[in-house]
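Every read-out reported here was derived from the displayed coordinates using simple, explicitly stated rules and does not represent laboratory data. Predicted, not measured: the structure shown is a model, and the values here were computed from it. For neighbour counting, all protein chains shown are included, and Cβ atoms are generated from backbone atoms with ideal geometry for every residue, glycine included.
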Amino acid sequence: MDKTTVAVSCPIDTYSGYGARSRDFVKALLKLEKYDVKILSQRWGNTSYGYLKQHNETELLNAIIPKLEKQPEVWIQITVPNEFQRVGKYNIGVTAGIETTVAAPQWIEGVNRMDLTLTSSEHSKNVFEKTKFDKADPQGRAIGALELTRDVKVLFEGLDTTKYYKTKSNFDLNSIKESFCFLFVGHWLQGDFGQDRKNVGYTIKSFLETFKNKKDAPALILKTGMGTSSLINTEVILDKINGIRKTVKGSLPNIYFIDGDMDDSEINELYNHPKVKAMISLTKGEGFGRPLLEFSAVGKPIIASNWSGHIDFLHPEFNKLIGGTLTQVHKSALVKDIILSESSWFTPDDAEVGKTLKDVYKNYKKYVELAKRQAFRTNNEYTLEKMTEVLGNILEENVPFFPKEVDLNLPDLSIPKLKLK
């Protein structure tokens, strides 16, 4: 039986969150065994390239084509929505969505160009559905509203349990003297202090204020970067850390910075290291939050903001979710046509952050027992296998049947030439 041709345009060969999402998505497509999958490999900003060859992803490499020879039956584009284009007979956009309360008008227009959009969380889906803009003619007169007109469904980002799981760690943290470390994982993005999306600067200061002048204080490990690994970026991050330390008076706990690209096995061993006791993410907003899902699989406590995409999989009874308020995005964190000035995102409650850090440190065994329950939930409900099942059902319910073109062997109906006398 002929398979439906599916062309997937995505940054599958990059070291990025969208690259990881692309690889998992295409693997799920291939596992369904219902589609003839072709990949158009794209770049992703300034992130590193060459993941597939370096990790022996032969099946994905073999599916890459240089260009389309004809219109595919199904076109899938994994990117931000303003880049969505109709190319196939049926068109699907795949995006992590938005971390704030408002999607840009270009994003709504992009989603409306597709027949279906798959986003990573209920948070992102709700933002797409609630965002509305007034449309005006050249004279400024109202002519209606720009709002969602196409279907959006949630397809969570499934955990690859062959890469992230509880195991013995050989990761080298011998230079860290502390036996109890909080771990932060994420990019240090643009924005003034306390305004960058991952809230790295705020996390550092909160940790320092909480444990200053404390005997046997824990440490904070930062696995962070600024998009690409370079000596200049490393120096910038070290300068930022030292700048924040200077704003806090007293005897300060240690902060350790891990720089550079790490593969899945190294990250998993970092998560599993006995000195790494808990993950902290005081993020202002997530479309999904992959590191939080990955870390939850090993059964250690998580402290996270009680807002946005990761709330789908982090159960409030098993994790410490920090309260706070929604505040307008600061001008220093705005991103043209993506993060808008009229949007808001999460600001954690200072007192609750400090209280929670102390409680997790002091009453660690209690939180470990809860974390084990979250690990069970993650490893049963949010796996790549479960995601593949959900994807298969979505495609089965939404993608139309495309009859195959066939060559017809018709009889010769030509009229013979007659000789006229």
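May I ask for the net charge around Phe193, where only other residues with Cβ less than 11 Å from the Cβ of Phe193 are counted and Lys, Arg are +1 while Asp, Glu are -1? Could you put the intermediate results ahead of the total?
Working: positive: Lys205, Lys240; negative: Asp192, Asp196.
Combined, the nearby Lys, Arg, Asp and Glu give 0.
With a cut-off of 8 Å between alpha carbons and a minimum separation of six or more residues, what is the relative contact order of the chain in percent?
Computed over the chain, the figure is 16 percent.
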Can you tell me the mean projection area, over all orientations, of the convex hull of the chain's alpha carbons? Units nm², please. 29.4 nm²
Expected sort for Glu209, Glu294 with the fewest Cβ neighbours (10 Å cutoff) up front is Glu209, Glu294
Net charge contributed by nearby residues that have their C-beta within less than 13 Å of Ile258 (K/R +1, D/E -1): -3
Convex hull of segment 181-380 built on C-alpha atoms - directionally averaged projected area, nm²: 11.3 nm²
For segment 184-259, what ratio Rg/Rh do Cα atoms give with a Kirkwood hydrodynamic radius? 0.96
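For Glu389 and Lys163, what is the calculated FRET efficiency with R₀ set at 25 Å and r taken between the beta-carbons, to the nearest 0.05?
Between Glu389 and Lys163 the formula returns 0.85.
How do Leu32, Leu321, Leu183 line up, fewest other C-beta atoms within 10 Å first?
Ascending Cβ contact count within 10 Å gives the list Leu32, Leu321, Leu183.
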Classify segment 138-212 from the C-alpha gyration tensor, please: rounded if a/c falls under 1.5, else prolate or oblate depending on whether a/b exceeds b/c. oblate
Of the trypsin sites (Lys or Arg not before Pro) in segment 278-373, those whose Cβ has at most 11 other Cβ within 10 Å and which sit in DSSP loop: Lys336
Give me the distance between the Cα centres of segment 309-361 and segment 35-101, rounded to whole Å. 30 Å
Around Ser169, with a cut-off of 11 angstrom between Cβ atoms, what is the net charge of the other residues, counting Lys and Arg +1 and Asp and Glu -1? 0
How large is the charge dipole for the chain, taken about the Cα centre, if only the Cβ atoms of Lys, Arg (+1) and Asp, Glu (-1) carry charge, to the nearest 20 debye? 640 debye
DSSP beta bridges in the chain, what fraction antiparallel, as a percent rounded to 5? 20 percent
